[in-house]
1. Find how many whole Å separate the alpha carbon centroid of region 173-209 from the alpha carbon centroid of region 44-104.
2. Which semi-axis lengths, in whole Å and largest first, follow from the square roots of five times the eigenvalues of the Cα gyration tensor of the chain?
3. Can you work out the Karplus-derived ³J(HN,Hα) for every residue in region 72-88? Use 6.51 cos²θ - 1.76 cosθ + 1.60 with θ = phi - 60°, whole Hz, and x for glycine or proline.
4. For the chain, which whole percent of the accessible surface, found with a 1.4 angstrom probe, sits on carbon and sulfur atoms?
5. Can you give me the pair-distance distribution of region 98-219, C-alpha pairs, 5 Å bins, whole percents?
6. What pairs from Lys98/Lys150; Lys28/Lys128; Lys112/Lys143; Lys24/Lys128; Lys16/Lys132 go past 28 Å between their alpha carbons?
7. Provide, in order from the shortest bin, the percent of all Cα-Cα pairs of region 25-141 in each 5 Å bin, continuing until the bin that contains the maximum pair distance.
8. Taking the Cα centre of the chain as origin, sum charge times position over the Cβ atoms of Lys and Arg (+1) and Asp and Glu (-1), and report the length of that vector in debye to the nearest 20.
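The values are calculated or read from the model by the stated rules, or taken from the named source; none is laboratory data. Keep in mind the model is a prediction, meaning the values are calculated, not measured. Note: ideal-geometry Cβ built from the backbone for every residue, glycine included; neighbour counts use all protein chains shown. Accessible surface is based on the protein model in full, side chains and every heavy atom, while ligands, DNA and RNA are left aside. Shrake-Rupley method; radii C 1.70, N 1.55, O 1.52, S 1.80 Å.
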Amino acid sequence: MAKKKRLRLIAEMARKIRAYRELKSRPKESQKYALDYQSMRRPLTGKMLPVLAWQDIRRESRLFSLLAGMRLFGVGRMFTRKSWLEDHPEPSYWQITKVKVDYTAENMDHGKAWGILTYKGKQEKEVKEVEKVMYHDWRLIPKDMEQQFKDFQPLPEPPVRYVPYPPLLRAMILAQRGRAAGRTVTEEPALPLQRNVVFNKDYFRRQEEENRKKEGTAV
């Protein structure tokens with residue numbers, strides 16, 4: 001009869017205590033993303049931020065720097081980013097639905113936020129956590145401009161005109177092109193879904209003659 005495995009209760013309890021202490025000793029976000037605006041270094045890690053970001057850091061705001069001064073911490077309001085405004089003509093923004101503030105942080109300007117993302121005019125259906133809240137390029141969308149962002153109609157996606165070849169046929173085409181060119185070909189072959197055929201006058205003339213032969217001569 002096999003012996004029953006003895007439970008190592010003390011070892012298991014010690015493991016849980018170590019895991020709890022590691023969790024408690026982890027730096028909070030307010031400590032992790034703290035920034036010395038004079039030296040542009042993070043005190044926790046000593047890492048200096050990129051020089052190209054210094055101008056935005058001094059002029060722009062983090063998301064929670066804006067949320068901390070708003071009613072209900074900005075729930076229901078819309079926020080965008082400077083990089084989105086510069087890079088995309090389509091509206092991109094977050095509509096905040098939930099905020100969890102770190103009350104231990106100075107000025108309560110740290111925490112987590114959730115919302116609905118609209119990126120390049122396409123709105124996602126699920127609520128998810130807002131990313132990159134610590135970046136210094138967040139902007140509040142004024143209420144008189146919110147409807148303008150919401151009324152944007154994205155252009156329909158163009159139809160798919162090409163699809164990739166099956167793996168074996170793709171390998172054969174690449175090998176054939178490589179032998180013809182005398183070098184390795186990296187251009188990916190694509191299979192067109194629509195074929196444009198140009199008919200000349202001879203084609204229609206032959207079609208008429210075939211139709212006459214089938215129909216016979218009128219009596």
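1. 52 Å
2. 60, 33, 22
3. 6, 6, x, 5, x, 8, 10, 10, 10, 10, 4, 5, 5, 5, 7, 9, 10
4. 53 percent
5. 2, 7, 8, 9, 8, 7, 7, 8, 9, 9, 7, 6, 4, 3, 2, 2, 1, 1, 1, 0, 0
6. Working: Lys98/Lys150 20 Å; Lys28/Lys128 21 Å; Lys112/Lys143 23 Å; Lys24/Lys128 26 Å; Lys16/Lys132 32 Å.
Listed pairs above 28 Å: Lys16/Lys132.
7. Cα pair-distance distribution for region 25-141, in percent: 2, 11, 20, 22, 19, 14, 9, 2, 0.
8. Numbers: 46 positive and 28 negative charges, 367 e Å.
Roughly 1760 debye, rounded to the nearest 20.
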